[in-house]
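Throughout, read-outs are computed from the coordinates displayed, never taken from laboratory work. Being a predicted model, the structure only gives us computed values, none of them experimental. Using ideal geometry, Cβ is built from the backbone for each residue, glycine included, and neighbour counts are taken over all protein chains shown.
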Amino acid sequence: MTETETLCNGKWLRLKRRGRWEYAERTNPGGGVMIIAVTAEDRILFVEQYRPAIECMTIEMPAGLVGDIADSAHENAAEAAERELVEETGYRAGRIAFLMEGPTSAGMSNEILAFVRAYDLTRIEAGGGDETEDIIVHEVPRREAARWLVDKIHAGYSIDPKMFAGLYMLENEALFAQP
């Protein structure tokens, strides 16, 4: 067995090497969660924000780390989704349903991302993120969402391909329903 070497430790990431393979490891045990949220008016919630790692504005679905704050260290993906949805968009969900989870980039990181669906949304505050974020909330009609995302690509935004996976899951919810 090849020995694993830690190259660097950060607050949220650790850089490791196993043999010739280098990879990033998430230090929070819960991974991440992406929230597929649709309002009563059939509008999908997207968030726009600047991402320093790629030095670009992005369009994403609401998302965040699971267990990344002290009083939430033992939360699960659904609990993190409830917290992140309110923080980023100002909406509270009446119900959160787990859809699936998997690696975000299996060749580069051990990060696991859970996809959840938020139902019965109620606007309770403005949203926009916490004091470290500057988030713009977009409410896009479901039937226009794919075209809207492609238009944003053409306008110079970085669009995470998982947005299209989220749209697929939304249109095929029955496939992902828990037995």
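Computing mean projected area of the Cα convex hull in nm² for the structure here picks out one of (i) 12.1; (ii) 13.3; (iii) 8.9, namely (i).
Once C-alpha pairs closer than 8 Å and six or more residues apart are averaged by separation and normalised to the residue number of the stretch 27-158, the relative contact order reads 32 percent.
So if we plug the beta-carbon distance of ILE136 and GLU41 into 1/(1 + (r/R0)^6) with R0 = 30 Å, what FRET efficiency do we get, rounded to 0.05? After rounding to 0.05, the efficiency reads 0.95.
Packing, as the average of other Cβ atoms within 10 Å across residues, places the peptides 108-116, 29-37 in the order 29-37, 108-116, highest first. Volume of the convex hull of the stretch 102-179 (Cα atoms only), normalised per residue: 170 Å³. Each of MET169, ALA145, GLY64 was scored by the projection of its Cα onto the charge dipole of the chain, and the greatest displacement toward the positive side belongs to MET169; charges sit on the C-beta of Lys, Arg, Asp and Glu.
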